[in-house]
Amino acid sequence: MSIGHSADPEKKSARRKAGRPLDAAKRAAIVDTAAHHFFHHGYAASAIEQIAADAGVSKVTIYNQFGDKRALFTAAVECECEKMRGHFSLDAMPQGTIRERLTAIGEAIYAFLFRPEMIQFERRIAAETEIDPAIGLAFLEAGPWRMKEGFGAWLARECELGELAIPDPLLAAEQFVSMCKGMGDLERRFGASVTPAERDRRIAGAVDVFLAAYGTAQNR
């Protein structure tokens, strides 16, 4: 029997279709469906076959467009984190004083990280990272690290405009996020509730400390 006849028809189809662009709406449907599966069932328990069925495409289509499960996972995390990164784009940043803009960023950080599905997702990823560290690295690269870069770039731009004076914008980005979360990040992981008053107090305190450290004279 020749090698050509013994090849998997599905793989042959994938090779024929490789590189064919996918309709934007169909790609979005795949990524949204994958995000739902990964967030609610975890990485290991999410099967490409089921994601394809729920998205109304073949698994060959998914492999053609994303390559493998980890690449699809990365795309799903990027899609979710894009909601957060939008707050750090220069065009989308709310108007107002630097204090008001930092407060808006703090509120966006809190709203994003404290969603029940995000908490569940982080727990699943942490557990699966113990088995496969590459999963955790993929999450960091697709989400938190890119978001830090976006926030750091915004802080650097504010320094150029004279609103802030920061020697290391990426470090300052980490500091601000950490202060906004406070112990609320630890509390949420272990089932404690965080009231809106506690949230607002932490964010306001973070902005106060941040501006005391990095604000120019007129903004402290």
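The values are calculated or read from the model by the stated rules, or taken from the named source; none is laboratory data. All values derive from a computational prediction rather than experimental measurement. Positions of Cβ are backbone-derived with ideal geometry, glycine not excepted, and every protein chain shown enters the neighbour counts. In case anyone asks, the SASA skips ligands and DNA or RNA and just uses the protein heavy atoms, side chains included. Shrake-Rupley method; radii C 1.70, N 1.55, O 1.52, S 1.80 Å.
Computed values, structure above
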{"quantity": "Per residue accessible area of the stretch 91-137, 1.4 Å probe, in Å²", "calculated": "52"}
{"quantity": "Separation of the ALA44 and LEU161 label points, Cα + 7 Å toward Cβ, nm", "calculated": "4.7"}
{"quantity": "Relative contact order [Cα under 8 Å, 6+ residues apart], the stretch 88-220, whole percent", "calculated": "29"}
{"quantity": "Peptide ranges 69-75, 124-130 listed from the most packed, as the mean C-beta count within 10 angstrom indicates", "calculated": "69-75, 124-130"}
{"quantity": "The stretch 161-220 versus the stretch 33-58: alpha-carbon centroid distance in Å", "calculated": "35"}
